[in-house]
Amino acid sequence: MKLASLKHGRDGLLVVVASDLKTCISVPHIAPTLQLALDNWHECAARLMRVYELLNDGSAEGARIFEVTNCAAPIPRAFQWADGSAYVTHVELVRRARGAQMPSSFWTDPLMYQGGSDSFVGACDPILVETEAAGIDFEGEIAVITDDVPMAVTAERAQKHIKLLMLVNDVSLRNLIPGELAKGFGFFQSKPATAFSPVAVTPDELGEAWDGGRVHLPLQIRYNNHEFGAPNAGEDMTFDFSQLISHAAKTRFLCAGSIIGSGTVSNKDPGRGSACLAERRMLEIIGSGEAKTQFMRFGDRVQIEMLDLSGRSIFGAIDQVVCRYEGA
């Protein structure tokens with residue numbers, strides 16, 4: 001099943017989207033928003049699935065063209081957005097480039113930060129930044145949305161709480177990060193609004209590519225209309241989503257609609273390309289001693305997408321352009 005939120009008020013209007021992403025239908029009689037559907041997933045899921053089946057066979061009344069540009073994030077604002085760093089190869093690479101040792105605990109205990117979840121942006125909304133000097137970077141990721149998760153849930157039991165998946169552009173302002181981390185209190189100003197794919201999908205939509213905790217497909221990144229990278233999201237993922245959820249819920253309950261991110265998708269094989277500019281720059285530093293790739297400038301464009309084995313888009317594409325924020 002594929003679900004999206006059209007721009008409407010603060011929390012969007014829930015629509016069921018056809019498998020080919022061409023048509024959609026609103027379902028206010030089931031749930032007006034995705035958050036309300038997740039709050040009552042045990043009651044809503046089967047009814048939403050029936051609408052999805054009717055939409056796919058062409059018999060749903062009231063279907064309309066699905067316009068990606070009209071989409072908000074699947075959950076326009078969430079109670080919880082926790083982003084991990086499941087691809088430890090990426091962390092190791094970044095630290096290696098600056099000559100820093102990586103603690104061995106990074107391989108056994110996930111890194112995670114709590115991001116701003118009060119105002120996500122849609123897949124085609126601009127990346128708004130005041131100045132290029134901030135070091136603007138995209139980060140291609142995958143995220144899951146959960147139902148209610150009990151505190152101290154085990155990784156084995158966490159898997160059943162994964163209800164939906166989506167793609168992420170976790171924008172980073174790289175030149176602000178060192179100063180923030182030096183304070184010892186984590187990211188804040190260096191993490192502006194996060195964008196998500198137009199569509200969130202149930203795990204069954206991934207078929208054999210979903211093993212219960214990982215998505216075994218390439219994450220395709222295009223930058224300024226050129227291929228930038230296609231790292232496989234299932235390879236080199238040190239912590240799967242079940243482990244990340246268990247980590248996030250170690251000392252707290254997670255409410256329905258919580259979003260857990262994978263962190264930047266990264267492979268040990270540099271030939272697959274990268275899912276962020278920082279990693280490309282680190283590889284350049286390691287290879288030649290100098291970073292040649294520049295961070296994003298106003299007008300630059302990034303596209304993030306994942307295709308199934310038949311070459312069809314699963315989530316729709318994140319397609320964003322960097323724009324100068326002129327102020328209120």
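The values are calculated or read from the model by the stated rules, or taken from the named source; none is laboratory data. Fair warning: this is a prediction, and the values are worked out from it, not measured in the lab. In this analysis, Cβ positions are derived from the backbone assuming ideal geometry, glycine residues included, and neighbour counts consider all displayed protein chains. These area figures cover heavy atoms from the full protein model, side chains too; ligands, DNA and RNA do not enter into them. Shrake-Rupley method; radii C 1.70, N 1.55, O 1.52, S 1.80 Å.
Data for the structure
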read-out: Only listed residue being of a type in the set (A, V, I, L, M, F, W, C), closer than 18 Å to Gly316 by Cβ and touching a residue at least 24 places away in the same chain (Cβ under 8 Å), chosen from Leu14, Leu6, Leu38; value: Leu6
read-out: Complete set of residues in segment 71-107 that are at pLDDT 90 or above and either touching a Cys at 6+ places or on another chain (Cβ under 6 Å) or of a type in the set (Val, Ile, Thr) (or both); value: Ile75, Phe79, Val88
read-out: Complete set of residues in segment 56-67 that are open to solvent by 30 Å² or more (accessible area, probe 1.4 Å), at pLDDT 95 or above and either not charged (D, E, K, R) or not in a strand (DSSP E or B) (or both); value: Asn56, Asp57, Ala63, Ile65, Glu67
read-out: Residue identified as outside any loop (DSSP other than H, G, I, E, B), open to solvent by 20 Å² or more (accessible area, probe 1.4 Å) and either touching a Ser or Thr at 6+ places or on another chain (Cβ under 8 Å) or at pLDDT 95 or above (or both) among Leu21, Leu36, Leu3, Leu14; value: Leu36
read-out: Hey, Glu208 in a helix (DSSP H, G or I) and surrounded by fewer than 18 Cβ atoms within 10 Å (Cβ to Cβ) or not; value: yes
read-out: Residue satisfying all of: in segment 293-313; touching a Lys or Arg at 6+ places or on another chain (Cβ under 8 Å) and assigned to a loop (DSSP other than H, G, I, E, B); farthest from Leu277 (Cα to Cα) among these; value: Phe298
read-out: First in segment 222-249 and in contact (Cβ under 8 Å) with a residue 60 or more places away in the chain, second anywhere and acidic (Asp, Glu) and in a loop (DSSP other than H, G, I, E, B), Cβ under 7 Å, 6 or more apart; value: Asn224/Asp300
read-out: Subset of segment 40-55 [in a helix (DSSP H, G or I) and open to solvent by less than 70 Å² (accessible area, probe 1.4 Å)]; value: Trp41, Cys44, Ala45, Leu48, Met49, Val51, Tyr52, Leu54, Leu55
read-out: For Glu279: the one exception among (1) in contact with a His (Cβ under 8 Å, 6 or more places away or on another chain); (2) open to solvent by 20 Å² or more (accessible area, probe 1.4 Å); value: (2)
read-out: Filtered residue count, segment 300-320, keeping only those that are open to solvent by 50 Å² or more (accessible area, probe 1.4 Å) and closer than 13 Å to Ile127 by Cα; value: 1
read-out: Extreme residue, most open to solvent (accessible area, probe 1.4 Å), among residues of segment 211-265 that are in contact with a helix residue (DSSP H, G or I) (Cβ under 6 Å, 6 or more places away or on another chain) and assigned to a helix (DSSP H, G or I); value: Gln243
read-out: Odd one out for Ala193 among (1) small (Gly, Ala, Ser); (2) under 17 Å from Val321 (Cα atoms); (3) part of a helix (DSSP H, G or I); value: (3)
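Residues are listed down the side, and each one gets a yes or a no for (1) closer than 30 Å to Leu38 by Cβ; (2) among the acidic types (Asp, Glu); (3) in contact with an Asp or Glu (Cβ under 7 Å, 6 or more places away or on another chain):
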{"residue": "Glu180", "(1), (2), (3)": "no, yes, no"}
{"residue": "Lys183", "(1), (2), (3)": "no, no, no"}
{"residue": "Thr194", "(1), (2), (3)": "yes, no, yes"}
{"residue": "Ala200", "(1), (2), (3)": "yes, no, no"}
{"residue": "Glu205", "(1), (2), (3)": "yes, yes, no"}
{"residue": "Trp210", "(1), (2), (3)": "yes, no, no"}
{"residue": "Asn225", "(1), (2), (3)": "no, no, no"}
{"residue": "Gly229", "(1), (2), (3)": "no, no, no"}
{"residue": "Glu235", "(1), (2), (3)": "yes, yes, no"}
